[in-house]
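Any read-out appearing in this document is the output of simple, stated calculations on the displayed coordinates, not a laboratory observation. All figures in this text were calculated on a predicted structure; none of them were measured in a lab. We place every Cβ from the backbone using ideal geometry, glycine too, and count neighbours over all the protein chains shown.
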Amino acid sequence: MISCRNLTRRFGEFTAVNGLNLEVAAGAICAFLGPNGAGKSTTVKMMTGLLAPTSGEVTVCGLNAAANPLELKRRIGVLPEDLGLFDDLTVEEHLLLTGDIYGVPRQETRARTTQLLHALSLEHGRRTFAAACSHGMRKKTAFAMALLPNPQVLFLDEPFEAIDPVTAKIMRDLLESVARHGVTVFLTSHILSMVERIAHQIVMIRKGSKVWDSAVGELPQSLEDHYFDLVETPVVEELAWLGPSRF
């Protein structure tokens with residue numbers, strides 16, 4: 001469902017993504033991991049047709065992403081890091097607008113909207129303007145927008161960041177459900193404990209290059225330990241001045 005072949009993106013002399021090869025099957029949940037600046041966002045932008053590669057190619061839903069960006073966007077759902085909401089629209093208006101953009105019949109859009117609002121515990125806030133929503137409500141609204149057109153592939157940028165445990169559980173359960181129905185999920189996240197519970201495939205990237213790609217069950221140790229070994233080793237510095245006051 002997602003295929004990258006020697007995918008490369010340069011910005012002047014800087015190589016953000018370097019010869020990435022990657023295959024993600026239909027119905028798989030793939031976690032794309034790496035530190036800030038590793039090339040994750042650049043890769044996702046190329047996968048979703050927002051950025052053309054310098055060389056190589058990426059195919060999503062059988063479409064070359066760079067050559068068919070508009071057709072691709074009709075088949076995918078995206079949860080961007082900035083959520084992409086309009087402050088002066090209500091939660092419900094965002095979903096109705098999404099249906100119109102994707103050409104979903106209005107009656108079907110309303111039915112799906114009602115179901116998504118219930119599934120994501122947003123019914124009480126359906127008429128709340130985005131500007132007045134909590135971060136959790138905003139994230140769930142953007143997530144509902146990504147789901148509403150019934151995409152073949154979901155791209156999620158940090159879906160579990162800065163949300164409460166209940167919201168995280170709801171979103172995790174929905175992602176597992178859509179994957180069982182054949183939807184491919186490609187997500188970035190720094191919440192390794194959640195990733196280890198939900199992902200089928202783990203891909204790690206460092207300085208633009210892939211350093212790991214396997215099924216989650218093939219990790220030689222815990223995901224956290226393997227991540228620290230391959231990608232980013234934490235440096236713990238002793239702060240001798242911390243502790244009971246000496247003054």
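Order these by the 10 Å Cβ neighbour count, fewest first: Ser209, Ser245. Mind showing how you got there, number by number?
Working: Ser209 15, Ser245 5.
The order, fewest Cβ neighbours first, is Ser245, Ser209.
Would you mind pulling out the separation of the Cα centroids of region 6-72 and region 99-140, in Å?
If we compute the Cα centre of each part, the gap is 29 Å.
Filter Lys73/Lys169; Lys140/Lys210; Lys140/Lys169 down to the pairs with a C-alpha to C-alpha distance above 20 Å, please.
Lys73/Lys169; Lys140/Lys210
Over all alpha-carbon pairs in region 45-156, figure out the percentage whose distance exceeds 18 Å. It would help to have the intermediate numbers written out before the result.
Working: 3141 of 6216 pairs.
Of all Cα-Cα distances in region 45-156, 51 percent exceed 18 Å.
Of all the Cα-Cα pairs you can form in the chain, what percent are over 27 Å apart?
On the way: 12041 of 30381 pairs.
The answer is 40 percent, as a whole percent.
Can you put Cys4, Cys133 in order of Cβ neighbours within 10 angstrom, beginning with the fewest? Could the numbers behind the result be given before it?
Numbers: Cys4 25, Cys133 20.
Lowest count first: Cys133, Cys4.
With runs of 4+ DSSP H residues as the only contributors, calculate the mean residue ellipticity of the chain at 222 nm using -39,500 (n - 2.57) per run, divided by the residue total and rounded to the nearest 500.
Numbers: 8 runs with 83 residues, N = 247.
After summing the helix terms and dividing by the residues of the chain, the value is -10000 deg cm²/dmol.
Please report the net charge: other residues with Cβ closer than 13 Å to the Cβ of Ser134, K and R +1, D and E -1. If you can, show how the numbers build up before the last one.
On the way: positive: Arg138, Lys139, Lys140; negative: Asp164.
Combined, the nearby Lys, Arg, Asp and Glu give +2.
Per the Cauchy relation, a quarter of the hull surface: what is the mean projected area of the convex hull of the alpha carbons in region 2-51, in nm²? Walk me through the numbers before you get to the answer.
Working: hull surface 14.9 nm².
Averaged projected area of region 2-51's Cα convex hull equals 3.7 nm².
From Cα pairs below 8 angstrom and at least 6 apart in sequence, can you work out the relative contact order of the chain, rounded to a whole percent?
Working: 441 pairs, mean separation 63.2, N = 247.
Here the relative contact order equals 26 percent.
Based on the alpha-carbon gyration tensor of region 84-150, what equivalent-ellipsoid semi-axes (square roots of 5 times the eigenvalues) come out, in whole Å, largest first?
On the way: eigenvalues 63, 29, 19 Å².
Those come to 18, 12, 10 Å.
Below 8 Å between Cα atoms, with a sequence gap of 6+, how large is the relative contact order for region 14-99 in percent?
Details: 52 pairs, mean separation 15.0, N = 86.
In percent, rounded to a whole number, it is 17.
Full extension from Arg106 to Ser193: what is 0.36 nm times the residue separation minus their Cα-Cα distance, to one decimal in nm?
27.4 nm is the gain from fully extending Arg106 to Ser193.
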